[in-house]
Every structure is written in structure tokens, then in C-alpha cells.
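These notes concern the structure reproduced below.
The values are calculated or read from the model by the stated rules, or taken from the named source; none is laboratory data. Computed from a prediction, not measured in an experiment: that's the story for all the values here. Heads up, the Cβs are rebuilt from the backbone with ideal geometry, glycines too, and the neighbour counts pull from every protein chain shown.
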Amino acid sequence: MAEKKEFQRLPLKVVPTNYNVTLTPNLTAFTFTGSETIIVEVKEKTDVVVINSADIEIQSVKFNDMTGEITMDSEAETATFTFPDMLPIGQGSLSLVFTGSLNDKMKGFYRSKYTTPAGEERHAAVTQFESTDARRALPCWDEPACKATFDVTLVVPKDKVALSNMPVVSESETESGLRSVTFARTPIMSTYLLAFVVGEFDYVEGKDSDGVLIRVYTPLGKTEQGTFALEVAKKTLPFYKDYFGIAYPLPKMDLIAIADFAAGAMENWGLVTYRETCLLVDPENSSSSSKQYVALVVGHELAHQWFGNLVTMEWWTHLWLNEGFASFIEYLCVDHCFPEFDIWTQFVNQDLAQALKLDALNNSHPIEVPVGHPAEVDEIFDAISYCKGASVIRMLHSWIGDEAFRKGLNQYLNKFAYKNAFTEDLWDSLAEASGKPVREVLSTWTSQMGFPVLQVSETLEGGQRALTITQSKFCADGKSPEGDFQWMVPIDITCSTDPLKPFYTTVLSSKSSTVSLDGVKAGDWIKLNPGTIGVYRVQYSSAMLDSLIPAVSNMSLPARDRLGLQNDLFALARAGLSSSVDVLKVAEAYKSESNYTVWSDLASNLSTISLLTQYTDCSPLMDSYNIKLFSDVAARLGWEKKEGESPLDSMLRALVVSKLGHSGHNDTMQEAMSRFEQHISGEKSLDADLRSAVYGTVIKKGDKSHFDKLMKVYETSELSEEKVRVLRVLGYVKDEEQITNVLQFAISDKVRTQDAVSCIAGVTSSALGRQLTWKFVQANWPKLSAMYDGGFLQASLVKISIQNFADRSVIPEIKDFFEKNPAPAANRVIQQSCENIELNAAMLERDREAIKAYLTEMNS
Ligand code: BES
Ligand code: ZN
């Protein structure tokens, strides 16, 4: 890799207080012109001003009336202005004139393609500034701590909608027949939260109970797809106001769906931008899980309006404060709006399990990690910042209690409103509110990577029953860690007498500790981590584990505990601390399981074992195992929705159909085929909840004609959710030629860049597809790398193309390739994926014979 210059933050001798910026995008030439006057404060004697600027040409710069010289540094993404005289200390104004282009990389000021209802292709101009791309739209101090106010004017064609963070204050016609739209001054805020949108949109609107005007902007003619998100937003803003004890400070909140969007959504203050699939809900064609996801995303971005926008991290090192927090709060919102989703149980699967999986790797990183260069910043938008961040906050919330938590939050938000904060500032407020040693305990979770496994066994101490609990770092490969790790671990313990209420609570602050079981009835099972709230794994003695299994089968153990128990067991097997066969055996205790989320987590763990069996001759045996395991729940649910059934049952039905379909269950395949034909012919439309499962089964088990029919669905559907549903399964095709075609299709102009990764991911589900994908990625690297131009989409592409191999010999090839073809924002992901390959290979070597013997025996 090329030597990088040492990264440096901007010198702050001169800082901005207000930007008055005018931008004129040209939606046909894909360029823009800009001018800005920045009110600055000169704090120290200097004759140079350094600010961020990238891919912009600056025509002129003046400090008051003094013209400056301009030097660009494209590596550092800065512009340096040198003036003939020293700048007077105090207030001054910096005036700039510049031009740039509306790029197609989904960052900075970019163009997004859409089709009008009449079928015409057009472009909108939109922004995505987080983390470090505001500098591609306007020269600015592009660091989160350089807060200022913004007066924005957009000069746009008359028939276009123009939006920014604040409401419009004035409009006028320009000499050239354009419309000049000026927006109200923003509050003091960071540059990464600024946003502009120019294009054609329709909207639905409403007011929340505090009179905040909320609009959901949709593609033309599709306003009905905005009403779901509007309802969520209307409920959520007042809910957060109450929860944080602070009102949303802006007069309006726009939510807008953008056709081309790199992330899922972006929390720009007052103008939140979304990928279409994260905002739009079609009454006929959206699935329950999509609705749930839209609610989570809306809840997440609205949480940022307080956590991130009002109070902002001082530097990207503290990114997790933004993302971990919003990823926790979004669940509060969905729980408030839609209790029927039992969303906190899904947290365990969506966030905690993802966090533990990634954080057990040797190539993980602490929640707080020093970052400098933009590529390093991109790298930390990962499951550590999001999922581990959220999980640590959930553990903290449970430890100090909701009341102290809210009180501390309120204090923190008030104290740092319109300012910036460090992680420690939050700990201090929460410590003050709770009277607990928050900083001491929490810093063990944020400043070291990883998490502990607690070894638990029952002993007799002088005739008295007792538990011995010992902590050590959990490593995915089961080895002892290098270095000394220790956590302060909040621990709850329950027993069968009351599975919900802990009989013992402590904070483990040493390596090992003993707990008396005096009060526990003989014969009671004992369980650590009720609710699966702690960020740790538990390894029980076999006697203790055995006593818990009946409580799984009869479901007297609560759902979150059933989920956590098998999740830990699977991780222990993967680490070689138990065997895959143990997992297969314990899974059978879940045969009568009724909970969607428990099934979902179990199914994904079993998929890992299935993945390994792809490299053996016992794939068919594993299929039979799955068919048996899922048969009871399949029979209970059937194919038709019951009147008034819970969305979780609908989601479970989809999971079961998909699992049985992929395992080659005859009845399921036939039913899927016939429902697919009815759906395509228009005879009977398929319930949206079942479409992914049915499409996937049909592609995997069907022929070219099915493929063509599904491709037609892709081409004719106007709903992004439906298109992506198809893209995800196209790669399930069998033969080499078809697979290659799907890969080519993924990067053709028929697929939006934002969606290509979903399509390629589908291909990697089979052993052959995986191999072909890796070849394809290498062969097409220049194109792929230009498509994503760094960033987290590139990182996910790299990850999906390599992580599921189970043969170590590919690792040197991967490392060699990325030595020669750097993917800066994917460096850590490459290390992590190679580690995952090692883990797959080790698990396969260790367990292949035992798995085969067990599956053979059970199928005979
Ligand atoms: N702030 C992020 C958007 C973002 C992500 C900007 C990565 C720059 C790089 C936003 O709040 C976010 O977290 N979006 C998530 C959705 C959320 C529900 C997890 C996303 O984009 O996936
Ligand atoms: Zn976020």
C-alpha cells in the first residue's frame, strides 16, 4: 500500500461561526457552481487559513477585501489560503467562489437517477456528507467539533422541489429564469449534518402533537407509500421529547426517499434521507419485516436528532456514541409504536449476537478507536460501533435502571446541547444520576476489545451449595488470548422459582467469584444473564446445562434466555470448546419452539453448520435434519395467514418455508412452485411476507423459465423492496453459466450500484457460487473499486466475497490480491474475513466425522 502522510486535524487558528452559502446545481450537465461567505473568528495571529475541500475547484478567495492565494492538497483534502498580510484577530469574513460536479458515487453532492411516471429518466441532486464529504460540496471546516450556523440558498429550475435542513424563508426568480430558494438559518451544527435535495417528489404531511410539521417525500405518484413512516415519525418525535426531556428544536422534519443511496439512511438535521427500502411501505407489496425495518430506521434517525445532532461527538473516535446510542434508542421507539413486534427480543439476535460474533475475533477493535484519515473513519461504521455499542448501553441501562438512565441522559443532553462531547462526559452524567461507578465499569467495555466468557459450575463449599464464576476473554478460536483482559461485569442470576426476577445481582470485578445458593430450592435450574442483557457468554458445567434443557423444551425458560443459551452453545462449538454435534443435539430441544426470534437465531447458526457440510458428502443428511427439526412448526403455521395473527408468526412462516424449501422438502417445494405460478399469472397474488421464501425456493429448485419469470418481476416492479427481494435470490441458480450471468447482471446498468452487493451476496450462498464470485471480484476489481470508490459498500462487497470459504489455502491468495489492489476502507474487514475462513476450516476439520456419524445415525 502507498505510504500515507500522517493525518492531521485542521489547525484552529481561524474558526467558522456562520456560513452563507449559495449553490446552483445543473441537473443536466451534472455540475454545480457555488459561492459562500463564511463569518470566521481569527483566534491567533496567522496569514494562512486551512480548510477542507475535495474535488472542488476554488476560483477565488478573499478575507474581507484581501485576495488570497490558493493551494490544494488532494491527499489531505484541504485548501490552504495564504494572504499577503496577517489577519486581524477577531471577526472577519472569508468569501469563496467555486465549482464542482454532481458525481455518481453517492457521496458529497451527487446525482440520483429516477424515472417519472411517464417513463422519462431524470436526475435529482442530493447530498450525503457523513463522515467527511461535506468538503466535496463546499469548502468548509469539515470536522464534527467545528460547529457553525448555516444560511443556505439553492438556485434551482422552477419546477423542482428544493429542500434543506430548515424551512424556506424566501423565494425569488433569477434573471436566468431559475428559482432562488433561501432557507432559514440552522442552529449551530456540524457540517456532516447539512443536506440539500433538488428534484421531483410528492409528499404526505402531518403535524405531531407539538405542532412540528412532518413530511414524508416519496417518488412522484407514490404518496401512499409514505404514510407508514409518517405515522411512525408523528408518534416518535413526542415520545423522544418525553424520553429525553427535551423538545425537537426545529420547526419541521422532512423524511425523503432517495433512489440511489449508499447507506440505509442519514440523520441530516431536519432533512433525513433514506434509501427507498428503508422508508417506503407499500400497502400491498411490503412484508412485515420491511415494515418493522422501516420503523427501526426511522426510530434510529430520529434518535440522532438528539443524540448526534444536538450533542455531537467531539471526534470520530467517539462515533459509537452516535451510532451505538441511536441503535439502542430505535428499539424503544419500535417497542412504543408496535409492541406486537416484541422488538427487544429481536435485539438479542440483531444486535447482541452480531456484536459477540465480530468482537470475538482477534481482528476486532475496541469500541473507542483512534481514527484519523477518512478511510479509517469509514471502517468503524461496523458492528462494533453499532451493535456492541447498543448492547453495552442496554447492559448499562439495565444495571442503573431506567429512571437514572433518563435523568443522566437529560443532564448530558442539556449540558452539551449545541456542543460536542466525549464518551467520558456521558459516563459522568450517568454516574451522577445513578450514584454508581459508571465510568469505572463502562470503560472496561469501551476501551478494550472483546468480552468475557463466564465459566460457571456448582460446587459444595463446606456442605453449602455455591456457584463459582470465572471470567476470561472469549476468543472465537477457543485459544487463550494474548495479553491481560478483565471486565467489570454486571451479573444477574435467576432460577426456576422465578425465571424473570434475579435472586442475585452483582458486579463481578475480579477474575473469579463465588455465589452462595443457600436460598435456591434443590432441583431448581440456575441461569446467568436472564433476558440475555449482559455482553458476555456463559459456559455452564455439563450438569448445569443438562438441567436447563427441559426448560427449553417446555419453554418455561423465557424466550430471550432460550435464544441466548443456544447462541452461546453455538459459539462455544465454533470455538472448539464443545462440538457441533452438541449444537445439533441441543437444537432438537427447540423442536416445539414457538418464538420467531429464537427460531431465527437458531436457523442462522444451523446455516453455518450447513455451510460447512457443503464441503462434505453429508449435505443431504443435513437437509434431512433441518426438515425434521422444522416439521412441527411448519405444520402449526401452514401456508395461510390466520385471522389477526401476529406479524412475528408471519415472519416465522416465511423463515420456515425458506428453510424447508432450501432443504429440498418436497411438499414445500411443490407448494412454492404452484403459488409462484399463480402469483405470476395474476391468479392469486402471493402474500408479501412469503415472497422472499418462495422466490428463493423457486430459483434454487426450478429451471430457466422460473429464472426468466422472476427477472420479469425485477424489471417490471416499481417498488425497490420487490426488486431487492428478487436480486437477493437470483444468485441461488445452480450451474456455472447461470451464476456467471447473474454476477455480470449485478454490475450491469440494470442494477443500481447500491443494490449490487445484495445480488452478489445471493451468489455466495453455494460453494460454486462462492468460488466464482471471488474470481469475478478479482477480475472486475477496477470496475468494482471505481463503483464504490472506497467506503463501507466496498467493505461489505469484500466481506461477502471471501468470508465463507472453509479452505485455508485461499487466504494467501486473498491477502496477496489486496496487497496489490488496496481497498483502504476494507483493511480490517479483510483480516476479519480471513479469520472467519480459519474458523470455518478448523470447525470443519474438528467436527466433520462426528457430524456425519450423528446425522447418519439420526436419519437411519
Ligand atoms: N449516520 C448513519 C449513516 C451513515 C452510515 C453515514 C455510514 C456514513 C456512513 C445513520 O444514522 C445510520 O446509522 N444508518 C443505518 C441505518 C440504521 C437503522 C442502522 C444504515 O445506513 O444502515
Ligand atoms: Zn446512525
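General remarks:
- Taking the range 707-735 as the range and being of a type in the set (Gly, Ala, Ser) and either modelled with pLDDT under 95 or crowded, with 19+ Cβ neighbours inside 10 Å (or both) as the test, the residues that pass are Ser720, Gly731.
- Of the residues making up the range 577-594, those that are surrounded by fewer than 20 Cβ atoms within 10 Å (Cβ to Cβ) and farther than 19 Å from Tyr536 by Cβ number 9.
- Any helices (runs of 4 or more DSSP H) falling wholly within the range 747-859 and containing at least 1 residues that are in contact (Cβ under 8 Å) with a residue 24 or more places away in the chain and closer than 23 Å to Asp623 by Cβ: 753-763, 767-779, 827-859
- Annotation: Trp487 fulfils all but one of (1) over 28 Å from Asp342 (Cβ atoms); (2) in contact with a helix residue (DSSP H, G or I) (Cβ under 9 Å, 6 or more places away or on another chain); (3) surrounded by fewer than 19 Cβ atoms within 10 Å (Cβ to Cβ); the unmet one is (3).
- Leading residue by the ranking (nearest to ligand 1 (Cβ to nearest atom)) among those in the range 129-142 that are part of a loop (DSSP other than H, G, I, E, B) and closer than 21 Å to Val14 by Cβ: Thr132
- On inspection, Val126 qualifies as in a strand (DSSP E or B) and within 28 Å of the chain's Cα centre (by Cα).
- Residues (farther than 19 Å from Val152 by Cβ, of a type in the set (A, V, I, L, M, F, W, C) and more than 13 Å from ligand 1 (Cβ to nearest atom)) located in the range 256-305: Ala257, Ala259, Leu280, Val281
- Of Gln738, Gln744, all but one fail to be more than 30 Å from Cys618 (Cα to Cα), at pLDDT 95 or above and touching a Phe, Trp or Tyr at 6+ places or on another chain (Cβ under 9 Å); the exception is Gln744.
- Residue within the range 348-364 that is in contact (Cβ under 8 Å) with a residue 24 or more places away in the chain, small (Gly, Ala, Ser) and farther than 19 Å from Arg537 by Cβ present: no
- Looking only at the range 268-293, and only at residues there that are part of a helix (DSSP H, G or I) and away from ligand 2 (no atom under 15 Å from the Cβ), the one that is farthest from Gln346 (Cα to Cα): Glu276
- Here Leu230, Leu213 are screened, and the one residue that is under 23 Å from Ala259 (Cα atoms) and either in contact (Cβ under 8 Å) with a residue 12 or more places away in the chain or out of contact with any Gly (no Cβ under 8 Å at 6 or more places or on another chain) (or both) is Leu230.
- Restricting the search to strands (runs of 3 or more DSSP E) fully inside the range 440-495 and requiring at least 2 residues that are out of contact with any Leu (no Cβ under 7 Å at 6 or more places or on another chain) and either under 18 Å from Ser364 (Cα atoms) or without any contact (Cβ under 8 Å) to a residue 24 or more places away in the chain (or both) gives 452-461, 464-473.
- Filter result for Glu376 (within 16 Å of ligand 1 (Cβ to nearest atom), part of a helix (DSSP H, G or I) and acidic (Asp, Glu)): yes
- Answer residue from the range 174-193, given it is assigned to a strand (DSSP E or B) and among the hydroxyl-bearing types (Ser, Thr, Tyr) and is farthest from Glu314 (Cα to Cα) among those: Ser180
- Options Glu200, Glu173, Glu130, Glu205; residue that is buried (at least 21 other Cβ atoms within 10 Å of the Cβ) and of a type outside the set (A, V, I, L, M, F, W, C): Glu130
- Restricting Leu569, Leu621, Leu577, Leu606 to those that are in contact with a Gly (Cβ under 6 Å, 6 or more places away or on another chain) and closer than 21 Å to Leu844 by Cβ reduces the list to Leu577.
- Output for the range 122-139, where each listed residue is closer than 17 Å to Pro25 by Cβ and not basic (Lys, Arg): His123, Ala124, Ala125, Val126, Thr127, Gln128, Phe129, Asp133, Ala134, Ala137, Leu138, Pro139
This table checks each residue for (1) polar (S, T, N, Q); (2) more than 30 Å from the chain's Cα centre (by Cα); (3) on the phi < 0 side of the Ramachandran plot.
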site	(1), (2), (3)
Thr149	yes, no, yes
Thr153	yes, yes, yes
Lys158	no, yes, yes
Val169	no, yes, yes
Ala184	no, yes, yes
Ile188	no, no, yes
Lys207	no, no, yes
Arg215	no, no, yes
Leu220	no, no, yes
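- Residue within the range 344-360 that is closer than 30 Å to Thr608 by Cα, among the basic types (Lys, Arg), within 16 Å of ligand 2 (Cβ to nearest atom) and modelled with pLDDT of 95 or more present: no
- Put simply, of Thr80, Thr28, Thr17 the only residue that is part of a loop (DSSP other than H, G, I, E, B) and not small (Gly, Ala, Ser) is Thr28.
- Annotation: Lys704 fulfils all but one of (1) surrounded by 12 or more Cβ atoms within 10 Å (Cβ to Cβ); (2) under 26 Å from Glu736 (Cα atoms); the unmet one is (1).
- Scope the range 307-337; condition among the hydroxyl-bearing types (Ser, Thr, Tyr) and away from ligand 1 (no atom under 11 Å from the Cβ); matching residues: Thr312, Thr317
- Which numbered condition Phe792 fails, given (1) over 20 Å from Ser112 (Cβ atoms); (2) within 16 Å of ligand 2 (Cβ to nearest atom): (1)
- Residues being closer than 24 Å to Met189 by Cβ and surrounded by fewer than 18 Cβ atoms within 10 Å (Cβ to Cβ) - total across the range 395-427: 9
- Among the conditions (1) farther than 24 Å from Ser288 by Cα; (2) within 29 Å of the chain's Cα centre (by Cα); (3) among the charged types (D, E, K, R), Asp735 misses just one, which is (2).
- Screening Ser74 against (1) within 27 Å of Ala825 (Cβ to Cβ); (2) touching a residue at least 24 places away in the same chain (Cβ under 8 Å) leaves a single unmet condition, (2).
- Single condition Gly389 does not satisfy, out of (1) crowded, with 24+ Cβ neighbours inside 10 Å; (2) more than 13 Å from ligand 2 (Cβ to nearest atom): (2)
- Test: residue in the range 302-314 that is among the hydroxyl-bearing types (Ser, Thr, Tyr) and either outside any loop (DSSP other than H, G, I, E, B) or within 16 Å of ligand 2 (Cβ to nearest atom) (or both): yes
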